[in-house]
1. If Lys and Arg each add +1 and Asp and Glu each add -1, what is the summed charge of the other residues whose beta carbon sits under 14 Å from the beta carbon of Asp198?
2. Projected area of the range 178-236, taken from the Cα convex hull and averaged over every viewing direction, in nm²?
3. Please arrange Lys188, Lys27, Lys176 by how many other C-beta atoms lie within 10 Å of their C-beta, fewest to most.
4. On average, how much area does the Cα convex hull of the chain cover when viewed from any direction, in nm²?
5. Going down the table (Lys83/Lys107; Lys12/Lys127; Lys83/Lys216; Lys13/Lys127; Lys176/Lys216), which pairs top 23 Å between alpha carbons?
Amino acid sequence: MATGNDLIVLAKKHLGEPYVLGAAVPKDAANYRGPWDCAEFASWLIYQVSRQLYGCVDDSAPPHTADAFTGAWAADAGRLGRKVTVEEAARTPGAFVLRRPNEAGIKVGHIVLSDGRNGTIEAHSSKDGVIQSTLSGRTWTCGIVVPGIDCAPIDGATPPAPPTVAILRLTDPPIKGEGVRQVQRQLKAAGFDAGGIDGVYGHRTMTAVAAFQAAKGLVPDGEVGPLTAKALARAAG
């Protein structure tokens, strides 16, 4: 049986390779070297070590053309199992950690491979490509242990720390307040139209954030987390 360590060893061989949001990756191409999308990278790793499709819109499709998507990872976690807490995934080498797409906003999620010590290997963004990073300071939905992969938690591993700033995203009812006004001012200063400085995180603000993220090589999910907040502060001067 394939192990979580098999996934980690393989993933590390691809550090530094390029990222393109929505890139199509043939899961059966052992020598593929990018560009990667986060879900495509995760599903490619699974297929390479276990010859099973997981996290694809159609897991019975030909592996050369199967389309991986974070929404499909969320669906498979519920349908095929097994979901675990983020804390358990953070200390389980070879588990995955998912931020589910925001169904109320731009439907871009993110998925990463856990190294079992609060670290990740992930196809991150067009700016950074495939990197090693951390689970701390970021927003996640759940952990996932893929059936057919032998994974075991590490005792005593440090749990991920929560985000140090509030995550601004499209919600119903919408998020309001001075923090949103600050983001809108920063967007305006950086040359992106958020539709006015009204303190309401609506569709115009979300779209402006996504445009800013795309311009800066970040994941264009329309949400203001720590990385986007820092980039906005730099851009606004």
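1. Numbers: positive: Lys176, Arg181, Arg185, Lys188, Arg204; negative: Glu178, Asp193.
After counting each charged neighbour, the total is +3.
2. Working: hull surface 12.8 nm².
It is 3.2 nm².
3. Fewest-to-most Cβ neighbours within 10 Å comes out as Lys176, Lys188, Lys27.
4. The directionally averaged projection comes out at 12.3 nm².
5. Values: Lys83/Lys107 21 Å; Lys12/Lys127 18 Å; Lys83/Lys216 33 Å; Lys13/Lys127 19 Å; Lys176/Lys216 25 Å.
Cα-Cα > 23 Å for Lys83/Lys216; Lys176/Lys216; rest within.
Quick note: the coordinates plus some simple rules give every number you see, no bench work behind them. Given the structure is predicted, the values throughout are model-derived calculations rather than measurements. For neighbour counting, all protein chains shown are included, and Cβ atoms are generated from backbone atoms with ideal geometry for every residue, glycine included.
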